[in-house]
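Data first, discussion second: the structure below is written as structure tokens.
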Amino acid sequence: MPLDIRTLGATVEMADAEVARTSIFEAPTRHLSAGESYAATLVEELDTDLTGQSKVWIPALGREVWGTEADLDENAYGAAAVALIKDITKLHYQISNKVPWEAISLTIVRLCFALGIMVVNLLFQATILYYIYTFVVEPSVKNVQVMYAEFRAGIFDEHGNIDDEAWANYEGKSEVCQITMSNLNFYFGILVLWSLLMMDELRKCERVVRDIAAIRHVDKLEDQMCYSHRNGYDVDGVCLVVGLTTPMKWTVLITVCVPRAIIGLVLLFLGYQWLASSASFADMTLNAMALEFVKNIDEILYDSVLPRQLKQDIADTNVFKIEERKTKKDLDAAEWKAYRRTGLWVIVMIVGLVGFSICVQTVLPFDLTELNNHCTAQRTDSQTPICTHMTFSGWSEDCYPYGSHYYADGSHEE
């Protein structure tokens, strides 16, 4: 049988590879200590699947660079940011290159549509916040203040001594005992959840600010975008924001990020005030859900109004932050920085919540111990059902005899 040179060469290469694997994994010349191994790992450049980086050709630089992509929020604010950066740049390119009016007009419509959604969103949110404060929060605050004032005026004498007989016969007992601030555990529990919800919104705004600030500076509008397709300005598609001029960067920050932060802070404070003035525990829960609806107006407008093609265009646009190739040391430093940033946010949230409850809120005195102490029995009576029998085979019907009258405390008479 003739000798096949290719087969022989492949066999030799496989044997050499096996020897190399054996020498690397089975017979090391020297074992590294754990400290030496970790130190070596810190400075070693890692694979892209570990760092999240990618390599992109930047025409303005004439070379490939390493960097990290970051998504823009897919809501009314993200649509406005993409319109300002991408569509204004594209419009400048089309006008400079005398592109037919049909293409220019489409870019103008896309730009106006996206910016219009953000303007409508800001007007909507500002108007809703004003009406909620005027027609909901202020009446709610007055209502709960009147209940508490009547409680103190009718149950206590001028020296602050309790009249037990007056409390026993007090008609507004069931209403005043539902004031949410009288139960600090429930009150602070709902406020903490609302704080976390708004902290998420404000942190998203902060991330956009950091991403925009991290984009490199360019001098020309045409150097801002990098398309995956060589005719990107004509056919669109996936594109990266690789640079921003100084005017464009400040325009995005002032027109998109600042209004979003202001709306978030106003909504946070308004939510605190509304939740604190809730006249019952059920109302407080429902009010928190209503505030979530107001917070999501930007996403509702984005999902319901924008055409699918425009939403796809926004989803295909990411910012690209040029960076050096990352090592394990860089990843560890970034993680520590993220923990410190999160810790700072939590501290600010706690300080803001406690400061509002103790110093800033104008609803009721913070210490409602006297009300809470007298409402313990009332709450127990209101929370105790008159029947705990299962409905199976009519067992629960025995709890409701004919010809009996039940009172709020669960007692009844024939």
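The values are calculated or read from the model by the stated rules, or taken from the named source; none is laboratory data. Because the structure is predicted, anything quoted here is derived from the model rather than measured. Note: ideal-geometry Cβ built from the backbone for every residue, glycine included; neighbour counts use all protein chains shown. Each accessible area value is taken on the protein alone, full model and side chains, heavy atoms only, with ligands, DNA and RNA left out. Shrake-Rupley method; radii C 1.70, N 1.55, O 1.52, S 1.80 Å.
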Spin-label pair residue 350/residue 289, simplified geometry with 7 Å Cα→Cβ offset, distance in nm: 3.1
Rounded accessible area of residue 345 (nearest 10 Å², 1.4 Å probe): 60
Cut-off 13 Å between beta-carbons: net charge of the residues surrounding residue 297, Lys and Arg +1, Asp and Glu -1: -3
Cut-off 15 Å between beta-carbons: net charge of the residues surrounding residue 205, Lys and Arg +1, Asp and Glu -1: -2
Spin-label pair residue 381/residue 171, simplified geometry with 7 Å Cα→Cβ offset, distance in nm: 1.6
Computed label-point distance, nm, for sites residue 145 and residue 55 using a 7 Å Cα→Cβ extension: 6.7
Of 276, 388, 317, farthest towards positive along the dipole that unit charges on Lys, Arg, Asp, Glu beta carbons give the range 255-407: 317
FRET E, pair residue 373, residue 120, Förster distance 51 Å, beta-carbon r, rounded to 0.05: 0.50
Portion, in percent, of the accessible area of the range 137-234 that falls on carbon or sulfur, probe 1.4 Å: 50
Fraction of accessible area attributable to carbon and sulfur, the range 241-308 (%, probe 1.4 Å): 76
